[in-house]
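Structure first, then comments.
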Amino acid sequence: MSLLVMKFGGTSVADLARIRNASEKVKREVERGYRVIVIVSAMSGKTNELVGWVRDAANPPGANAPGFYDAREYDAVVSSGENITSGLMALTLQEMGVEARSWQGWQVPLKTTSAHGAARIEEIGTDNLNTKFDDGMQVAVVAGFQGISPEGRLTTLGRGGSDTTAVAFAAAFKAERCDIYTDVDGIYTTDPRITGKARKLDKIAFEEMLELASLGAKVLQTRSVELAMRYKVRLQVLSSFDDLPGTLVCDEEEIMESKVVSGVAYSRDEAKLTLISVADRPGIAAAIFGPLAEAGVNVDMIVQNISEEGRTDMTFSCPIDEVGKARAAMEAAKQGGSINYHELDADTEVCKVSIVGIGMRSHAGVAQKMFSALAKEGVNIKVITTSEIKVSVLVDRKYMELAVQALHDAFDLDKAA
Ligand code: ADP
Ligand code: ASP
Ligand code: MG
């Protein structure tokens, strides 16, 4: 019997009426003859609320280790939102006459590494679910985002992780398709919340979606796209609220016509740090970025400017909430004598805007067109990075919407290829 994976995000299961609406979509597929594995997120806003509770419990006023919390307990609390929606959806389906059962990560089991808060999936056992399917279960409603570590503790897969749960199940159970139901009806040329001119794509190549996701388009978690690409999962994004065709994420060979630039992504909460006047000598980059990596700072863009004789300024970007960690790591390195700098300058009012397209591989002048479009709007570029299929710039956050819109216009993304 063919099997489908259907994933419903937070807004799609935000209350009982929406859970019923989602359940109707599931029932329709059961009536078409599919076995269905449903992956659910927590109700929208729930995970944020749980994260807030964890922070407040671990950091009351006067806490002796401010900012610290035990990641194992974070996972124990934060994974719970999905338990509620999986049980409620199983109950709703049962009420509709469907043989449904909820499954938490450990019951499946979905085994992960022990990197709490950002665990990676190692293996999904298929026997338990398959036995129940053979016994008459029609739908397994699995709590997304969670798994179990080798030590037997609950883990979570990082924010937005239910997408990855869904793709991993589709791969493990060799599903015919993995349908990601969300609050938009597909993948757009840019976030439709930023411009009304955003256009829905029928298809997008894995490589492009991978870049867009990692550059901030949260419609799919980056890891889910990686897994879909590796295991050749047929991945589709579509609306929970209407029956429009969605967007297929597929191999580039399946896309007949494509533009040089396919999409624009943004990441709002970036910071730019500059170490002013460090020694320009072999090993300096390692001496700076080694301690940052050890401190768990996700460094993204890097630029080195020669300043005066024998000295250099080193600029890098990282997520805004990692600035404290970065500063502490640099101060420790300075005190330990491995680096010396005059000052650490932090600009926390920046964002990253990127253009992505596999067509860039064979077209010159794309970056130039991007820079001109931003210049025309008076947007100053602070840092630039490029790869084969993307160009990213760091700009002042107040220009974020303007920059996205200007680039969307400059590359005619509102028009079909
Ligand atoms: P879910 O809760 O269903 O997982 P998310 O909020 O994680 O939903 O992802 C859907 C959101 O992603 C949309 O509401 C949209 O604002 C945003 N988004 C960002 N970039 C894009 C894009 N290129 N295409 C579609 N949606 C996008
Ligand atoms: N509920 C989790 C989150 O908000 C996982 C998900 O929705 O994908 O990050
Ligand atoms: Mg999501």
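Please treat every number below as a calculation from the coordinates, not as lab data. Everything quoted here is computed from the prediction, not taken from an experiment. Every residue, glycine among them, receives a Cβ derived from its backbone with ideal geometry; neighbour counts consider all protein chains shown.
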Next item on the list: Answer with one residue from SER354, ALA286, GLY196: the one whose Cα lies farthest towards the positive end of the charge dipole of the chain, charges on Cβ with Lys, Arg +1 and Asp, Glu -1.
Entry: GLY196
Check: Helix 16-31 versus the longest principal axis of the chain: what angle, 0 to 90°, nearest 10, using Cα atoms?
Finding: 60
Next item on the list: Give, as a single signed number, the net charge of other residues whose beta carbon lies under 9 Å from the beta carbon of ASP163, with Lys and Arg counted +1 and Asp and Glu -1.
Entry: +2
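With N set to the residue count of region 76-120, report its C-alpha Rg divided by 2.2 N^0.38 Å to two decimal places.
Taking N as the residue count of region 76-120, the ratio is 1.39.
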Notebook entry, point to check: Over what distance in Å are the Cα centres of region 305-350 and region 16-39 separated?
Noted result: 52
Checklist line | Ranked packing of 32-40, 118-126, most packed first, by mean Cβ within 10 Å | finding: 32-40, 118-126
Check: For region 247-258, in order, what is each residue's ³J(HN,Hα) by Karplus, 6.51 cos²θ - 1.76 cosθ + 1.60 with θ = phi - 60°, in whole Hz (x at glycine and Pro)?
Finding: 10, 9, 9, 8, 5, 5, 5, 7, 9, 5, 10, 9
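Please compute the Kirkwood hydrodynamic radius of the chain from all pairs of different C-alpha atoms, in Å with one decimal.
Values: mean 1/r = 0.0433 Å⁻¹.
This gives a value of 23.1 Å.
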Next item on the list: Just add up the charged neighbours of ARG397: K/R +1, D/E -1, any other residue whose Cβ is under 9 Å from the Cβ of ARG397.
Entry: -2
Note to self: List the pairs from LYS25/LYS390; LYS218/LYS398; LYS46/LYS259; LYS203/LYS369; LYS334/LYS382 whose alpha-carbon separation is above 28 Å, in the order I gave them.
What the structure shows: LYS25/LYS390; LYS46/LYS259
Note to self: How much of the DSSP bridge set in region 69-209 is antiparallel, in percent, rounded to the nearest 5?
What the structure shows: 60
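Let's see if you can work this out: charge +1 on each Lys and Arg Cβ, -1 on each Asp and Glu Cβ, no other charges. What is the dipole magnitude of region 1-74 about its Cα centre, in debye to the nearest 20? Mind showing how you got there, number by number?
Details: 11 positive and 8 negative charges, 93 e Å.
Here the size comes out at about 440 debye.
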Notebook entry, point to check: For region 384-402 and region 95-167, what is the separation of their Cα centres, given in Å?
Noted result: 37
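Output the peptides 148-159, 180-191 sorted from most to least packed, where packing is the average of other Cβ atoms within 10 Å over each peptide's residues.
Details: 148-159: 18.7, 180-191: 23.3.
Final packing ranking: 180-191, 148-159.
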Item checked: Positive-end residue, the chain charge dipole about Cα centroid, Cβ charges, pick of SER240, LEU154, GLN221 -> SER240
Item checked: Percent antiparallel among DSSP beta bridges (both partners in the chain, rounded to 5) -> 60
Margin query: Filter LYS174/LYS352; LYS325/LYS352; LYS7/LYS200 down to the pairs with a C-alpha to C-alpha distance above 26 Å, please.
Written below: LYS174/LYS352
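Compute the Rg/Rh shape ratio of region 89-204: radius of gyration over Kirkwood radius, all on alpha-carbon atoms. Mind dumping the intermediate values first?
Numbers: Rg = 16.6 Å, Rh = 16.0 Å.
With Rh from the inverse mean 1/r over Cα pairs, Rg/Rh is 1.04.
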Check: How far is it, in nm, from the label point at ALA57 to the one at LEU16 when both lie 7 Å from their Cα along the line to the Cβ?
Finding: 2.7
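Which order do PHE169, PHE8, PHE68, PHE206 fall in if you start with the one that has the fewest other Cβ atoms within 10 Å?
Working: PHE169 27, PHE8 30, PHE68 10, PHE206 20.
Fewest-to-most Cβ neighbours within 10 Å comes out as PHE68, PHE206, PHE169, PHE8.
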Item checked: region 146-168 residues near the modelled GLU73 label - backbone nitrogen below 18 Å, point 7 Å along Cα→Cβ -> 153-156
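If you keep only loop residues by DSSP, which GluC sites (Glu not before Pro) in region 268-350 have at most 16 other Cβ atoms within 10 Å of their Cβ? Before the final figure, lay out each step's value.
On the way: sites: GLU270, GLU294, GLU308, GLU309, GLU322, GLU331, GLU343, GLU349; in loops: GLU308, GLU309.
Within region 268-350, the qualifying GluC sites (Glu not before Pro) (loop, at most 16 other Cβ atoms within 10 Å) are GLU308, GLU309.
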Margin query: Let me check I've understood the local charge: for PRO150, count other residues with C-beta under 10 angstrom from its C-beta, Lys and Arg +1, Asp and Glu -1. What total comes out?
Written below: 0
Next item on the list: Starting from region 354-417, pick out the GluC sites (Glu not before Pro) whose DSSP state is loop and whose Cβ has at most 12 other Cβ atoms within 10 Å.
Entry: GLU388
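Enumerate by residue number the trypsin sites (Lys or Arg not before Pro) in region 330-417 meeting two conditions: DSSP loop (anything except H, G, I, E, B), and at most 11 other Cβ atoms within 10 Å of the site's Cβ.
Details: sites: LYS334, LYS352, ARG361, LYS369, LYS376, LYS382, LYS390, ARG397, LYS398, LYS415; in loops: LYS382, LYS415.
Here the sparse-neighbourhood loop sites are LYS415.
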Notebook entry, point to check: Once both labels are modelled 7 Å past Cα along the beta-carbon direction, what's the GLU331-LYS132 spacing in nm?
Noted result: 5.1
